Amino acid sequence: MRAHGPLLWAVAMITFLAGCGPKKGVDVRRELDRLEREGQFRKAEALLDSVRANGKISAELERALSWEKEKLRRIRIDYHLTREDLLAELRKRVADFREEELATWEREGKLDRRLIDGEMRYLYASVSNLFWRYPELRARQLPKPERAKEERDLYVLLRQILDARQSTADRFVLPQRFRCTHVVQVKADAVPPGKVVHCWIPYPRAFPFQCDIRLVSSDPPLSWLDEPESPIRSAYLEKAAEPGKPTVFRVTYEYTSYATVNVLDPNRVAPYDTTSPLYRYYTAERPPHIVFTKEMRALSDRVVGREKNPLRIARAIYDWVVENLLYSYAHEYSTLSNISQFVLEHRYGDCGQKALFYMTLCRLNGIPARWQSGWVIRPGSKSIHDWCEIYIPPYGWIPVDPDRGAWAHHYLTTLAPEEKQTVVDFFFGNLDQFRMAANCDHQAELYPPKQSFRSDDVDFQRAELECDGQNLYFDQFDYDLEVELL
């Protein structure tokens, strides 16, 4: 795992505090935190430049300083809406919007905003997040979405999966064959002509529920295809940029995905081998996002109580997440210092943030938990998505999608109560077949190793690119997944 941000600072500041920098003994880490917290980004950048100009810094500190400056740039990209931009979008997307409502939402802390160099800026998804944080506001959403069909189609699909399981002892049912083309397009002149762009594209990993994976084609030809059981499986390509033209990468593959249905019985749960590498690895803290803070421990005590059965504990944690966490489009993960703690403090998060939060509480209680992510590609819709797996003997790895469970609990409005509960229950221990899973671990290293900072240092669903040892961030390329059901 490549370290940057807080992990790298822990090493780099030892070098700096030995006597380098604009003022001997100044705690640059603390000063940068203060400036960022107060929204003084230009002053923070000037401080970083002054340390770098000293000429006596280590390579580790140079990388740490570069990262801090890049993080500020990424935050600016996320928080690009001015107040005027926000008001214009509210008038367009909220029926009968009144400006005094904005003051109420700000006072109640429901808008993601921050002061940046003297101007209040709002998160790119501020208006969309209002519909998640105020479910009653969804009735005023413009244009009015058609939710009834989406909800009914999902329920029918999950019911079909559960019914199929009744007639077989196999937990894998209803296979679906897919052909997908992942397209990545670097914007014209984003890199100098003739320079080679290095591209990593997510590729289906081998799982018991995901098999018969076949490369159909790639343009340009693949330079490397990662191992089938890689924790972060990728197809790696290289292509020289041409003047005035986008640099385009395409990878087409086929695979078969099965729905998974586990019939779980707490009375059958067997003891863990707590000395095994699997147990030790997947129950450990992994800073910065899986940390057993005192706040997480206190919540765990309230949720779990005296329960000792791992399956019952995992379900109790799932139920708490479902009932207490709303959805929210997220800041880029690379700009957050501790995602599970962020979710605990805000009581909302996107799919991956909820997954990390759930994994943290499971690991804290001695239940192995690991990341899983890729795409959800149901008919008529597709999106990047994260969920997780927990290890329960004798069942092995079982899927848990806390985000879909919470979404069903808070936002499904057209299903009968028992149908809604079926959806909630399904996503603990079961998974639909309309997925493409590329990852089984978070913060994993790409291969060949990327030299620059990752655009997403937690997950891998869109793509990662670099040129001349410099990262190409999400504002420099577009991506899409073209899906065909076979």
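The values are calculated or read from the model by the stated rules, or taken from the named source; none is laboratory data. The shown structure was predicted, so the numbers you read here are calculated from the model rather than taken from an experiment. Don't worry about glycine lacking a Cβ; one is built from the backbone with ideal geometry, like all the others, and counts go over all protein chains shown.
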| query | Would you say Glu307 is part of a loop (DSSP other than H, G, I, E, B) and among the charged types (D, E, K, R)? | reply | yes
| note | Residues of region 220-270 being outside any loop (DSSP other than H, G, I, E, B) and among the polar types (S, T, N, Q), in sequence order, are Ser234, Thr247, Thr252, Thr256, Ser257, Thr260, Asn267
| What number of residues within region 240-255 are closer than 22 Å to Pro204 by Cα and surrounded by fewer than 20 Cβ atoms within 10 Å (Cβ to Cβ)? | 4
| query | Listed residues Asp425, Asp468, Asp456; which is touching an Asp or Glu at 6+ places or on another chain (Cβ under 9 Å) and of a type outside the set (Phe, Trp, Tyr)? | reply | Asp456
| Name the residues in region 203-219 that are within 19 Å of Pro175 (Cβ to Cβ) and either of a type in the set (Ser, Thr, Tyr) or assigned to a strand (DSSP E or B) (or both), would you? | Phe207, Gln210, Cys211, Asp212, Ile213, Arg214, Val216
| task | Considering each residue of region 229-239, count those that are more than 19 Å from His442 (Cβ to Cβ) and of a type outside the set (Gly, Ala, Ser), and give that number. | result | 4
| What about Glu151, is it in a helix (DSSP H, G or I), under 25 Å from the mean Cα position of the chain (by Cα) and more than 30 Å from Leu35 (Cβ to Cβ)? | yes
| note | Going through region 41-58 in order, the residues found to be assigned to a loop (DSSP other than H, G, I, E, B) and surrounded by fewer than 18 Cβ atoms within 10 Å (Cβ to Cβ) are Ala53, Asn54, Gly55, Lys56, Ser58
| message | I'd like the full set of residues that are touching a residue at least 60 places away in the same chain (Cβ under 8 Å) and either more than 13 Å from the chain's Cα centre (by Cα) or more than 30 Å from Pro145 (Cβ to Cβ) (or both), limited to region 450-462. | response | Lys450, Phe453, Arg454, Asp457
| query | Conditions: (1) surrounded by 21 or more Cβ atoms within 10 Å (Cβ to Cβ); (2) at positive phi; (3) not hydroxyl-bearing (Ser, Thr, Tyr). Ala408 meets all but one. Number of the miss? | reply | (2)
| Counting only residues that are assigned to a loop (DSSP other than H, G, I, E, B) and either touching a Phe, Trp or Tyr at 6+ places or on another chain (Cβ under 7 Å) or without any contact (Cβ under 8 Å) to a residue 40 or more places away in the chain (or both), which one in region 382-397 is farthest from Ile313 (Cα to Cα)? | Lys382
| In region 74-119, how many residues are in contact (Cβ under 8 Å) with a residue 60 or more places away in the chain and of a type in the set (D, E, K, R)? | 5
| said: Thr360 - would you say it is farther than 26 Å from Asp112 by Cβ and either hydroxyl-bearing (Ser, Thr, Tyr) or surrounded by fewer than 18 Cβ atoms within 10 Å (Cβ to Cβ) (or both)? | reply: no
| said: over 30 Å from Thr256 (Cα atoms), basic (Lys, Arg), touching a Ser or Thr at 6+ places or on another chain (Cβ under 9 Å) and buried (at least 17 other Cβ atoms within 10 Å of the Cβ): which single residue out of Arg93, Arg171, Arg121 fits that description? | reply: Arg121
| query | Where residues in region 203-230 are acidic (Asp, Glu) and under 22 Å from the mean Cα position of the chain (by Cα), which of them is surrounded by the most Cβ atoms within 10 Å (Cβ to Cβ)? | reply | Asp226
| task | Would you be able to tell me the number of residues in region 175-202 that are aliphatic (A, V, I, L, M), crowded, with 17+ Cβ neighbours inside 10 Å and assigned to a strand (DSSP E or B)? | result | 5
| task | Test Arg205 against the criterion of being more than 23 Å from Pro448 (Cα to Cα), basic (Lys, Arg) and in contact (Cβ under 8 Å) with a residue 40 or more places away in the chain, and give yes or no. | result | no
| task | List every residue pair whose Cβ atoms lie under 7 Å apart, where the two residues are 6 or more positions apart in sequence or sit on different chains, the first residue falls within region 234-258 and is at positive phi, and the second residue, located anywhere, is in a loop (DSSP other than H, G, I, E, B) and of a type outside the set (Asp, Glu). | result | Gly244/Ala188
| query | Only one of (1) over 23 Å from Pro246 (Cβ atoms); (2) surrounded by fewer than 18 Cβ atoms within 10 Å (Cβ to Cβ); (3) in contact (Cβ under 8 Å) with a residue 60 or more places away in the chain; (4) over 16 Å from the mean Cα position of the chain (by Cα) is not met by Glu445, so which one is it? | reply | (4)
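Results for (1) assigned to a helix (DSSP H, G or I); (2) closer than 29 Å to Leu142 by Cβ, shown as yes or no for each residue.
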{"residue": "Glu60", "(1), (2)": "yes, no"}
{"residue": "Arg63", "(1), (2)": "yes, no"}
{"residue": "Lys71", "(1), (2)": "yes, no"}
{"residue": "Arg76", "(1), (2)": "yes, yes"}
{"residue": "Leu86", "(1), (2)": "yes, yes"}
{"residue": "Met120", "(1), (2)": "no, yes"}
| query | Which of the residues that make up region 305-351 are modelled with pLDDT under 95, surrounded by 20 or more Cβ atoms within 10 Å (Cβ to Cβ) and hydroxyl-bearing (Ser, Thr, Tyr)? | reply | none
| said: Residues to consider are Val173, Val156; find the one that is under 30 Å from Glu419 (Cα atoms), among the hydrophobic types (A, V, I, L, M, F, W, C) and without any contact (Cβ under 8 Å) to a residue 12 or more places away in the chain. | reply: Val156
| The listed residue being in a helix (DSSP H, G or I) and more than 29 Å from Asn309 (Cβ to Cβ), out of Asp425, Asp403, Asp475 | Asp475
